[in-house]
Amino acid sequence: MFKQTFFRLSSLIAFSLFLMLAVNQSDCATVSEDPFETIRVLLQKIASAPPDTCGAPPIANLDPDDVELSILRKTPDVVLQAMNAGEPEPDAARDRANAALKRIEELSNELNAAWPKESRFHYQLLDVAPALVLKVGIGTHEKFFVIGFPEKDSFGKPNRLWRVVGEDHSELDHPAPQSWMDVYPLHRGHSGRARFLVAIGGSGCAGSIGILYDAREWDPSGLGELDTVITQNGAVGLDEGFTGGKPTRKEPFLPIGKLQTKGRLIALPYCWFSAIDTWDNPSLCALDTYDVSGDRVRFRSRSFNRPDLLPIAKAIEYAEKHDYPAVLAYCANAEAARRLVRDITPSYFASDLRVTQKADGSEHVEMGFPGVDRFDVQKSGDRWLVVRFAPSPD
């Protein structure tokens, strides 16, 4: 009897504590935060910090990169507060968003006056009706958010509010010390759904530069759906402008093509690191084209800056994984494929590379230092293949 009474009393006390906690949490949830004031505090917090933390001494109890990202993450709250303060009509809501963003920009100009203008808070509001793409930046960071007006809310009732329906996730795993991006509208298919492309760049305080092409499509029907229609990772050479700027590299590794986002056929240039690199700069580059004329985005083609060296890089990549069938796909014969799988060591790096063209159109390639590996490649149809591999002597 005592045990039953004690159990009931304990249960009653636990339930009462649960109700008190729930009430307290509910009360806290009703306390609204002014996102603009939060941004003001954050802007003041980094006013004495350098606009670029690379090479700057650390500041006690302050991580400027984290504060900058917090400002960017909080900005959509200010924008939505303004957009939802009146009628949801797109033009009027966009004007209110612009006015709110201008307030933050002016505040940053005041509080971060010691910074260069390009390092202070800045924004771009791209109208891809019925959605908006918001790009915001401060210091050495930029982010984008997609703002839409779905037909239904989360309860399936007619929606009355503008919402953030998507954003970039390039900082989730390892935030880059420096990030930047460009936003472009894309041709719409027959259904007229909004499309856009974001070219995202990121780098450490030194070394190579990574890029990501991220294309999305927004459908406001129902609960709304933001689909990724293109994603492509790559890199940019240290001596080359971002997103297809005028190339400055000399042969033999000149990039291929330029970024093209207008019209029914778009082109995305990028490079990547491979086994044939001779320093911290990607040697192989590609140009991918996509057909965006219809309701489904379709991959069209991929061209390379050095198709003659591509089979060597790909064969080494798969040989490091001991994937014989994949290696064979880049070789003209089984003997060359077997030798590659047997002799290629992990983390292969060319260090030095020399290409000699032969009279029959084939090429002799020597790589490595101090030991030299020898490859012969030959064109077969529209592809180059490895026809011979001779590893350096032990």
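Every number in this text was worked out from the coordinates using simple rules, so none of it is lab data. Treat the numbers as computed from the prediction; the structure is a model and nothing was measured.
Numbers below:
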item	result
Gaussian network model of the chain, Cα within-10 Å springs - most flexible of 367, 83, 181	367
Above-threshold pairs, the threshold being 30 Å between Cα atoms, out of 45/157; 262/379; 74/152	45/157; 262/379
3J(HN,Hα) from dihedral phi, segment 256-261, Karplus parametrisation 6.51/-1.76/1.60, rounded to Hz, x for glycine, proline	10, x, 10, 5, 9, 10
Max mean-square fluctuation residue, GNM over the chain, Cα-Cα springs under 10 Å, options 126, 134, 284	126
Average projection area in nm² (convex hull over Cα atoms of segment 31-163, one quarter of hull surface)	9.2 nm²
Amide H contacts under 5 Å for residue 300, placed H, 5+ residues apart	289, 290, 291
Crossing angle, helix 90-111 versus the chain [Cα axis fit, 0-90 degrees, rounded to tens]	80 degrees
The chain: most fluctuating residue of 325, 220, 282 per GNM, C-alpha cutoff 10 Å	325
Note, ³J(HN,Hα) from phi for segment 68-85, Karplus 6.51, -1.76, 1.60, rounded to Hz, x at Gly and Pro	4, 5, 5, 4, 5, 5, 7, 4, x, 5, 5, 5, 5, 4, 6, 5, 8, 7
Amide hydrogen neighbours beyond the local backbone of residue 167, cut-off 5 Å, H modeled	146
Under Karplus coefficients 6.51, -1.76 and 1.60, residue-wise ³J(HN,Hα) of segment 270-275 in Hz, glycine/proline x	6, 10, 8, 7, 8, 5
Degrees separating the helix 310-319 axis from the principal Cα axis of the chain, which is the longest one	70 degrees
Cα-based helix-to-principal-axis angle, 35-45 vs the chain, degrees rounded to 10	60 degrees
Candidate values (1) 29.0, 102; (2) 21.1, 67; (3) 27.7, 102, label of the one derived for Rg and Dmax of the Cα atoms in Å	(3)
5 angstrom amide H check on residue 152, placed H, neighbours 5+ away	159, 222, 223, 224
